[in-house]
Amino acid sequence: MASRAMELPKTFNPQEIEEPIYRWWEERGFFTPRIDWSRKPFVIAMPPPNVTGELHMGHAMFVTLEDLMIRYHRMRGDPTLWVPGTDHAGIATQVMVERELAREGLTRQQLGREKFLERVWAWKEKYGGTITRQLRRLGASCDWTRERFTMDPEHSRAVREAFVRLYERGLIYRAEYLINWCPRCGTALSDLEVEREEEEEGLLYYIRYPLVGDGWEGPAAPWGSGRWAEGARAFITVATTRPETLLGDTGVAVHPEDARYAALVGRTAVLPALGRRIPVLADPAVDRDFGTGAVKVTPGHDPIDYEIGERHGLPRINVMNPDATLNENAGPYAGMDRFRAREALVADLEREGLLERVEPHRYAPGRCQRCDTIVEPMLSLQWFVNAKPLAEEAIRVVKEGKIRILPERFEKDYFRWLENIRPWCISRQLWWGHRIPAWYCDDCGHITVAREDPTACARCGSPRIRQDEDVLDTWFSSALWPFSILGWPDDTEDLRYFYPTTVMETGYDILFFWVARMVMMGLAMTGEVPFRIVYLHGLVRDEKGEKMSKTKGNVIDPLVVIRDYGADALRFTLATGSTPGNDMRLSLQRVAGSRNFANKLWNAARFVLSQIPGPIARPSLEDPGLTLPDRWILSRYHRTVAAVTEALEGFDFGEAGRLIYEFTWDAFCDWYIEIAKEPLYRGSEADRARTRGVLVYVLDGILRLLHPYMPFITEALWGYLRRAGVTDGAEGLIVAAWPTPGPVDPAAEADMQLLIEVIRTLRNARETYRVPSAQRLAAVLAVGDKRPLFEAHRSLLVSLARLDPERLVLREAAEPVPENALIYPVGEVRIYLPLAGLVDLEAERARLARELADLEARIARTERLLTSEFAVRAPASVVEKERRKLEELKARRDQLRAEWERLGLR
RNA sequence: GGGCGAGUAGCUCAGGUGGUCAGAGCGCACGGCUCACAUCCGUGAGGUCGGGGGUUCGAGUCCCUCCUCGCCCACCA
């Protein structure tokens, strides 16, 4: 028998099939949809990974989930588009290239802007293809013909268009405002790019500011002499963690209702070191319980102080240079680094007797998200988006249900962030990114903002204009992604057909960074929501639940996992091991489990394929010729199709995957295939054809259901079916039709269930009594009115429970009970096993005692329940169910008691 | 200071709208090279569903409270 299965190795080897299959999919153009205006498309804009990045588990997760949705919808026949791309990741990429330069002893300034950008582009060329190649290894069925990069001319045009439009609407403006400044990167950052990590030990400095009056009109001696504050009678003490910012103080504030300081409000303090006269004022922003209740006000270097200063008309003084050394406004400390200046100033304060005390204090300074440098709040001239009006719209569309966020609980976060949104600083003092399209006129000072590079000032016509040196926040550019990838601002067919996109699938960690901003920009630019559904997945952690990081050395490299277990195994693990919005722990043991599942499927298919040469009957539940197991597996299969489809529609990918797993392994492999061997090996030609038909039909269906999870192995196996000529006409599984739920047969399911339970009970008894596996068991089955069922499946019982066909008695009556037989009740059926010689009386006594005790307890519980209020208050059906249960329990108890007696047990 | 999530068998986790929901995989124990598969097959043991209180005829499943862990946001200088 030269069977086809012999062509397949015994063990599934992912390495051999994955890459060729992917190449075939891509070359055949299956990833590119055909626009069909009569059908609604399914569209995902892929969150673009950093162009120079390396694949990590986060990517593996999003590829798995998005590809899952994409493949499902493609199989459903929807025109399905998944647009891939990469992000230039301004600051991240620039920092990487700067690090490379640093190894050569160079800085970007030494290189100059143009040369530096050349280096970045070279870097991009070198590493840019890595990530997209890696996405392919995972099986991402995205449309590479539409691949985009955020620095492409097309996307750049979109960025400029968006900037100009917002500028024209007055929503983008340039202003001097307090921003977060990273001294290492030399750029402004948005609030989101500042992270407050662990609290650390810091110090809280209590500093006395002398007050003018009481005969003291200011310092007579120079700063540092030790007599600077000589003669001062009154002081106000403030507490600060950043003493050096004192040099920028323009006021001292207390709470308006703070009785301790009421008398001081309105007086004038003298700023240490600089001698500046600053007012003592009252402002409700002051926390009376912190420090002394009096706070130095530094509008140039602190956000709250900025607001206090604004309310009271205080001057704003910047005391720092971009590199965080102090500037000329810092008097004697000018030129010092901020932390050196702190030491020096504190020492001087002490000398002058103005340092009251220093306390340990835990605090968490803001740090640059990219380089971890402590960020300095600083006054700076930057470009901003007035996000408030945009945010209001973004809130509205979610409230109105035009966008659904899954899991829903993230809506709360989304609303809260948008409701409290502040002006978004979008200019970055970087070189890698989209240059701000604003030109300053040297002659009239006018700012020209234009879609095309202007050659002259829009107001005075002067050709002496210079473009703004800065670039835009990367997130400004990526906020346009869902429509820029479709050709916006042009009115392209893609945009008309595929926009708004359907699902935005991404990690919850960039809900604010990206998702919220896409909604704002989408609405502002296109007047429509950019997507209908936001699906947020959790973070992938290591087996201990810790965040994977290179420094911790606990990263699990997806490519290594793919090499060792296959992409399908990794995907299945990620898809079934996670619930929306919750983090998951990835362990290689689980991946191995998925790999085993793939192997199981492989071998099930080998078996089916080995039976294929020969006539095939397409099965139908209408066909009276089907056997009970046939009807059972078809019915179960149809239920599975319905349940899986429902779960997928509800974005319940884990549940759907588990359903397929269970059906495949338990129902199909462990039961149906085992049962099928009988008709296949010993049946008639008709039996074989019928059984083959069922096997092929169900396997084909399993492959379809599983394809979104395990695209490679399913495509490979389906290819064998296809070549055997037993599939529908689809060219590949990737474009084959999603199965439709068929009819079910509850009666067949119930009968089969009974047989299965009887077989399990018999096997259980064998194990309990250590019957050698070679020994065939004698059994008497009292099956009541199920006699025809059992008669018809005699051989099935014999083979699966390893019974002795000569000594298997089937009968209706429960009595008489055979001598020296064990009794096992299974529903209405009673199993008698004459195991007299084999039974260990002690063991049997123990078993019976345990079971009886258990039964008694359950009977008592149920009886109590049925005599309680439950009987009158609960729905009749529920009560009835309990009644039946009680009857069953009692019957079983009586049998066991009888057996107890008969065995002469005490 | 707010907000959110998690705490269910040894481990990792599932468990719409309260009534076979007490489950799966791994691990463990025992028995099997049964002609698709030892990346396997068969059988089994293991849980007062974090603690306490409440609502209800009935609660992992709803409410309150507490504990432990994790995350997000926030202007305590």
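The values are calculated or read from the model by the stated rules, or taken from the named source; none is laboratory data. None of the values given here were measured: they were computed from a predicted structure. Positions of Cβ are backbone-derived with ideal geometry, glycine not excepted, and every protein chain shown enters the neighbour counts.
Summary table below
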| read-out | value |
| --- | --- |
| Residue check, A:Ala122 among the small types (Gly, Ala, Ser), crowded, with 19+ Cβ neighbours inside 10 Å and assigned to a helix (DSSP H, G or I) | no |
| Check on A:Arg466, in contact with a strand residue (DSSP E or B) (Cβ under 6 Å, 6 or more places away or on another chain), not in a loop (DSSP other than H, G, I, E, B) and not aliphatic (A, V, I, L, M) | yes |
| Residues satisfying the stated conditions in the range A:760-785, i.e. more than 16 Å from RNA strand B (Cβ to nearest atom) and either of a type in the set (Asp, Glu) or under 51 Å from the mean Cα position of the chain (by Cα) (or both) | A:Asp785 |
| Filtered residues of the range A:537-560 (kept if within 11 Å of RNA strand B (Cβ to nearest atom) and either surrounded by 13 or more Cβ atoms within 10 Å (Cβ to Cβ) or under 30 Å from A:Thr502 (Cβ atoms) (or both)) | A:Gly538, A:Leu539, A:Val540, A:Arg541, A:Asp542, A:Glu543 |
| Number of positions in the range A:133-159 that are assigned to a helix (DSSP H, G or I), surrounded by 19 or more Cβ atoms within 10 Å (Cβ to Cβ) and in contact with an Asp or Glu (Cβ under 9 Å, 6 or more places away or on another chain) | 4 |
| Selected residue (criterion: surrounded by the most Cβ atoms within 10 Å (Cβ to Cβ)) from residues of the range A:160-206 that are within 16 Å of RNA strand B (Cβ to nearest atom) and of a type in the set (Val, Ile, Thr) | A:Ile179 |
| Unique match (being touching an Asp or Glu at 6+ places or on another chain (Cβ under 8 Å) and either within 16 Å of RNA strand B (Cβ to nearest atom) or modelled with pLDDT of 95 or more (or both)) among A:Cys425, A:Cys457 | A:Cys425 |
| Answer residue from the range A:237-257, given it is in a loop (DSSP other than H, G, I, E, B) and crowded, with 17+ Cβ neighbours inside 10 Å and is farthest from the chain's Cα centre (by Cα) among those | A:Thr250 |
| Scope the range A:588-620; condition assigned to a helix (DSSP H, G or I), more than 6 Å from RNA strand B (Cβ to nearest atom) and of a type in the set (A, V, I, L, M, F, W, C); matching residues | A:Leu588, A:Val591, A:Ala592, A:Phe597, A:Ala598, A:Leu601, A:Trp602, A:Ala605, A:Val608, A:Leu609 |
| Considering residues of the range A:561-579 that are within 11 Å of RNA strand B (Cβ to nearest atom) and under 30 Å from A:Val397 (Cα atoms) only, the residue surrounded by the fewest Cβ atoms within 10 Å (Cβ to Cβ) | A:Thr579 |
| Residue check, A:Ser462 among the polar types (S, T, N, Q) and under 32 Å from the mean Cα position of the chain (by Cα) | no |
| Considering residues of the range A:594-621 that are surrounded by fewer than 18 Cβ atoms within 10 Å (Cβ to Cβ) and over 18 Å from A:Ile633 (Cβ atoms) only, the residue nearest to the chain's Cα centre (by Cα) | A:Asn596 |
| Any hit, the range A:585-595, residues being out of contact with any Asp or Glu (no Cβ under 6 Å at 6 or more places or on another chain) and either of a type in the set (Asp, Glu) or on the phi > 0 side of the Ramachandran plot (or both) | no |
| Segments classed as helices (runs of 4 or more DSSP H), wholly inside the range A:37-111, with at least 3 members that are buried (at least 22 other Cβ atoms within 10 Å of the Cβ) and touching a residue at least 12 places away in the same chain (Cβ under 8 Å) | A:57-75, A:90-103 |
| Sole residue being of a type in the set (Gly, Ala, Ser), closer than 30 Å to A:Gly215 by Cβ and in a strand (DSSP E or B), chosen from A:Ala269, A:Ala273 | A:Ala269 |
| Residue ID - farthest from A:Pro303 (Cα to Cα), chosen from residues in the range A:207-264 that are touching a Lys or Arg at 6+ places or on another chain (Cβ under 7 Å), within 16 Å of RNA strand B (Cβ to nearest atom) and aliphatic (A, V, I, L, M) | A:Val238 |
| From the options A:Ala294, A:Ala334, A:Ala269, residue that is away from RNA strand B (no atom under 16 Å from the Cβ) and either modelled with pLDDT of 90 or more or farther than 15 Å from A:Leu203 by Cβ (or both) | A:Ala334 |
| Residue within the range A:544-558 that is in a strand (DSSP E or B) and closer than 20 Å to A:His59 by Cα present | yes |
| Qualifying position, being surrounded by 15 or more Cβ atoms within 10 Å (Cβ to Cβ), of a type outside the set (D, E, K, R) and within 15 Å of RNA strand B (Cβ to nearest atom), among A:Gln382, A:Gln369 | A:Gln369 |
| Residue match in the range A:492-509 (condition: in contact (Cβ under 8 Å) with a residue 12 or more places away in the chain, within 16 Å of RNA strand B (Cβ to nearest atom), surrounded by fewer than 18 Cβ atoms within 10 Å (Cβ to Cβ) and within 20 Å of A:Thr93 (Cβ to Cβ)) | yes |
| Of residues in the range A:308-319 being surrounded by 15 or more Cβ atoms within 10 Å (Cβ to Cβ) and free of Cβ contacts under 8 Å to residues at least 60 places away in the same chain, the one farthest from RNA strand B (Cβ to nearest atom) | A:Gly309 |
| Selected residue [over 26 Å from the mean Cα position of the chain (by Cα), of a type in the set (Ser, Thr, Tyr) and at negative phi] from A:Thr107, A:Thr93 | A:Thr107 |
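Here is a yes/no grid of residues against (1) hydroxyl-bearing (Ser, Thr, Tyr); (2) over 38 Å from the mean Cα position of the chain (by Cα); (3) within 12 Å of RNA strand B (Cβ to nearest atom); (4) at pLDDT below 95:
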site	(1), (2), (3), (4)
A:Glu662	no, no, yes, yes
A:Arg682	no, yes, yes, yes
A:Asp687	no, yes, no, yes
A:His707	no, no, no, no
A:Met710	no, no, no, no
